Amino acid sequence: MSNALLLCDLWDRHWCRLAEAGTDRIAQLAAPVVERFRGGGGLVIHAPSDTMAAYGDRPARRRVSDLPSVDIPELDLRPRPPHPRSAAGQCHCQPICAEGHPWTAQHPAVRIDETDYVLDTGPELWAVLGHEKIVQVFVAGVHTNICVLGRGFGVEAMVRRGISCALVADLTEAMPASMTPETVEYVEDNWCPTLTSAELRP
């Protein structure tokens, strides 16, 4: 096994109605891709941040907890290239939604197999990648301009620590969704390559 598919923050709920609808759309699109990728021998990593309490007894979560810690790759401190973030994270619903943390688990459309991993930190990701000898990580999920880029297991963190990764452009969405094309272009220009789900190979 050499490739992994990481799903970032495909939550069951979101405080913004439009963001929740977009997450639902991406999850429905991702579900068959995940099954195909896993069925072809690829590793699936689920990273629904802030919901680990829902997975304490699940095999996919215990597999992470049972891994030994590893040395964290050295951080590349290059300056972050400028990105138009003025609208990032804004709710465009009418009326505006009240912010909160309603998510409790990953979206139910995406099946978690006992051979998968469930995590929500960078050190956990490094442990999984080292244990499984992963050389390439494909990243899907939401939101491209916030969590997909900025989480401790996200694209920026992986690139800064020398992990080869690529963004699955048709399985990601920015917040607001109108920023998706420019954010995907920003990722391509500054962080990592992109590809489509049809091009994914385990």
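So here's what we get for this one:
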quantity	calculated
Gyration tensor (Cα) of region 127-202, equivalent ellipsoid semi-axes in angstrom	20, 14, 10
Principal semi-axes in Å for region 50-121 [√(5λ), Cα gyration tensor, largest first]	30, 24, 10
Highest-MSF residue in the chain out of Val70, Val184, Val118 [GNM, Cα springs under 10 Å]	Val70
Computed log₁₀ I(q)/I(0) - Debye formula, equal Cα scatterers, no solvent, region 58-202, q 0.16, 0.18, 0.21 Å⁻¹	-0.99, -1.21, -1.47
Loop-located GluC sites (Glu not before Pro) in region 10-94 whose Cβ has at most 10 other Cβ within 10 Å (DSSP)	Glu74
Max mean-square fluctuation residue, GNM over the chain, Cα-Cα springs under 10 Å, options Thr23, Thr144, Thr121	Thr121
Zone residues, region 90-107, relative to Ala54, backbone N less than 12 Å from point 7 Å out along Cα-to-Cβ	102-107
Computed lengthening from Ser2 to Asn190, 0.36 nm per intervening residue step minus Cα-Cα distance	65.2 nm
The chain: DSSP helices with Cα axial extent of at least 24 Å and average Kyte-Doolittle hydropathy no lower than -0.5	17-39
Trypsin sites (Lys or Arg not before Pro) lying in DSSP loop within region 119-166, provided at most 14 other Cβ fall within 10 Å	Lys133
Gained length - Thr121 relative to Ile72, 0.36 nm times residue gap less alpha-carbon distance	16.4 nm
Base-10 log of normalised Debye intensity for region 1-108 (one unit scatterer per alpha-carbon) at q = 0.11, 0.17, 0.19, 0.22 Å⁻¹	-0.52, -1.07, -1.17, -1.24
Backbone HN-Hα couplings from phi across region 110-120 [Karplus 6.51/-1.76/1.60, Hz, Gly and Pro as x]	9, 6, 9, 8, 5, 8, 7, 10, 10, 8, 8
Kirkwood Rh, Cα atoms: Rg over Rh of region 1-47	1.06
Sequence-separation-based contact order of the chain, relative, with Cα cut under 8 Å and 6+ spacing, percent	33 percent
Rg [Å, one decimal], Dmax [Å, integer] - region 91-175, C-alpha atoms	14.7, 48
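Read the figures in this text as sums done on the coordinates, not as results from a lab. Note that the structure is predicted; figures quoted are calculated from it, not measured. Glycine gets a Cβ as well: all are built from the backbone with ideal geometry, and neighbour counts include every protein chain shown.
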